[in-house]
Each structure stands twice: as structure tokens, then as C-alpha cells.
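See below for the structure under consideration.
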Amino acid sequence: MIQGFKEFISRGNVIDLAVAVIIGAAFSAIVTAVVEHIVNPLIGALVPSGDLAGWVIPIQGIFATANFGIGAVISAIINFLAVAAVVYFALVLPMNKMAERRAAKLGVVEDEPAAPTQEELLAEIRDLLAAQRRA
């Protein structure tokens, strides 16, 4: 059991995963700061409360008023989209381009002809059966 654990750790995948988590957390902190301190105040200038995260919609209830924190939800959505965009454009897209260049340099062809669909195969079988009946 210990030997299996040593092999698992020494593969390098665990280290790659740890680095990815740390980099992701760092990007998340940076993007969150930009969204909270630059983007949200700009959008907050357009909402009644003046602060996007503090924007609530009061709904009068029977016994009390319920405040729906719509601004916090919008802020979280903006933050998620910003983090996703940064990760995609700063990490995923460059890594995909690098993998494409490496594959092209090695002569690896990734574009194989698409396999026929079920409909195409069934039409081909139908045509062959019809040809056999005629013969």
C-alpha cells in the first residue's frame, strides 16, 4: 500500500494539480479584487443603492420585509465570469496553442475523418439490400 502511494506521488500529476490549484487561487484573488474594487463600483453607480454588492430588492411580506440581495448575486456572477475568462485566455488558450504547435512539429495529425453516422450506415445497408433484391 505504501509503495502504491509512493508511485502515485512520484508520477508528477499530484504536483501538477497542486500547482494548478495554487495558481488558480492566486488568479482568483487578483480577479476578485479587480471585480470588487473596479467593476462593481462602476456598475454600482447605475443601481439605486450606489453599491452593487449592497443592492437589495425589498419585497413586502405579511409580517416583515424580505430583502433579496440581487446585487450580491450579480457580483458573484461577474466575478465567476471574470475568473473564467482570465483562466481561459491566460492558461487554457496558450496551452492549447502550444500543444497544437508541438503536435504539428512532431507530425501528429489530429483531424481524422469523421466516422459515418448511424443514419448514413443504415442508408448504406438499405441501398445494398435493395441492390441485392434487384439482382
Practice item. Mind putting a number on the dipole of the chain about its Cα centre? Charges go on the C-beta only, +1 for Lys and Arg and -1 for Asp and Glu, and I need it in Debye to the nearest 20. Key: 240
Check your understanding: Anyone know which of ASN67, ASN40, ASN79 comes out most mobile in the 10 Å Cα GNM of the chain?
Key -> ASN67
Review point. Per the helix-only calculation at 222 nm, which mean residue ellipticity applies to the chain, given -39500 (n - 2.57) for every DSSP H run of n ≥ 4 and division by its residues, nearest 500 deg cm²/dmol?
Key: -20500 deg cm²/dmol
Practice item. Could you compute the FRET efficiency for GLU100 and ILE70, with r as their C-beta to C-beta distance and R0 at 35 Å, rounded to 0.05? Key: 0.25
Practice item. Pick out the long, greasy-scoring helices in the chain: whole DSSP H runs spanning 15 Å or more along their own axis by Cα, mean Kyte-Doolittle at least 1.6. Key: 13-34, 70-87
Check your understanding: GNM, the chain, Cα, under 10 Å: largest mean-square fluctuation among ALA115, ALA103, ALA72?
Key -> ALA115
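Readers should treat all values here as calculations from the given coordinates under stated rules, not as data from a laboratory. Quick caveat: nothing in here was measured; it's all calculated off a predicted structure. Cβ sites come from the backbone with ideal geometry, for glycine too, and all protein chains shown count toward neighbours.
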